[in-house]
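Notes to accompany the following structure.
The values are calculated or read from the model by the stated rules, or taken from the named source; none is laboratory data. What you see is a predicted model; the values in this text were computed from it and never measured. Here the Cβ positions follow ideal geometry from the backbone for every residue, glycine too, while neighbour counts run over all protein chains shown.
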Amino acid sequence: MSTRQTISSGGAWEPVVGYSRAVRVGNHVSVAGTTAAAPDGPVGGDDVAEQTRTCLTRIRAALLEAGASLEDVVRTRMFVTDISRWEEVGRVHGEFLGHVRPASTMVEVSALIEPGLLVEIEADAVITRP
C-alpha cells in the first residue's frame, strides 16, 4: 500500500479550503494550481512571462519537496486569462520543460482567484528513478 505525503506551501488558505500544494502517492506527484500570488500583488505585475516563471519555480520547489523534479513531469495544465498571450506563457514553459516535453494543455479562463493573476499552472509527475 502506498503512503500519502502532502506538501504545504504554508499558505493561509490551504487549511481553510482543504488542499495541499502537492500530494505524493507512491511514485506519482500532483501539484495544485500554482500562481504568482504575493501579499502585495502578483510577482511580475502584468508581465505574464514573469508570472509564468514564478509559477514554474514554485512548482519545481514543490516537486523537490516531494522527492521529484521537473524531469519527472508528465503533464501540465496552463490556465491563462488572455489566450492572445499564449506565446509568452509557452516560451517560459519551454525554458523550464522543453527538454522534458510533457503533455500540456493551455486554455483561456475568464478570471483567476485574485485580480491581476494572469496564469495558473498545474503539474503531474511520475518518478521513474529508484
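Worth pointing out:
- Residues that are surrounded by 13 or more Cβ atoms within 10 Å (Cβ to Cβ) and either without any contact (Cβ under 8 Å) to a residue 40 or more places away in the chain or not aliphatic (A, V, I, L, M) (or both), drawn from segment 96-107: F96, V100, P102, S104, M106
- Residue match in segment 100-119 (condition: under 26 Å from G10 (Cβ atoms), modelled with pLDDT of 95 or more and touching a His at 6+ places or on another chain (Cβ under 9 Å)): no
- Pair list, Cβ under 9 Å, 6 or more apart: segment 59-72 residue closer than 21 Å to A37 by Cβ, other residue at pLDDT 95 or above and hydroxyl-bearing (S, T, Y): I59/T34; I59/T76; R60/S69; A62/T34; L63/S69
- Any chance R53 is assigned to a helix (DSSP H, G or I), among the charged types (D, E, K, R) and under 11 Å from the mean Cα position of the chain (by Cα): yes
- V29 meets each of the listed conditions (1) more than 24 Å from G116 (Cα to Cα); (2) exposed (fewer than 15 other Cβ atoms within 10 Å of the Cβ); (3) among the β-branched types (V, I, T) apart from (2).
- Considering segment 56-91, and only residues there that are polar (S, T, N, Q) and closer than 18 Å to T128 by Cβ, the residue that is farthest from the chain's Cα centre (by Cα) turns out to be S69.
- Among all residues of segment 10-21, there is at least one that is part of a loop (DSSP other than H, G, I, E, B), among the basic types (K, R), at pLDDT below 95 and under 27 Å from P130 (Cα atoms).
- Residues located in segment 73-107, provided they are among the acidic types (D, E) and either over 27 Å from P39 (Cβ atoms) or assigned to a helix (DSSP H, G or I) (or both): E87, E88, E95
- When residues in segment 1-31 are screened for being of a type outside the set (G, A, S) and over 17 Å from the mean Cα position of the chain (by Cα), 9 of them pass.
- Pair list, Cβ < 6 Å and 6+ apart or interchain, from segment 40-54 residues that are over 18 Å from R91 (Cα atoms) to residues that are surrounded by fewer than 18 Cβ atoms within 10 Å (Cβ to Cβ): G41/G116; P42/G116
- Residue check for G67: over 17 Å from S104 (Cβ atoms) and surrounded by fewer than 14 Cβ atoms within 10 Å (Cβ to Cβ): no
- Of all residues in segment 70-92 being in contact with a strand residue (DSSP E or B) (Cβ under 7 Å, 6 or more places away or on another chain) and closer than 11 Å to A123 by Cβ, the one that is surrounded by the most Cβ atoms within 10 Å (Cβ to Cβ): V73
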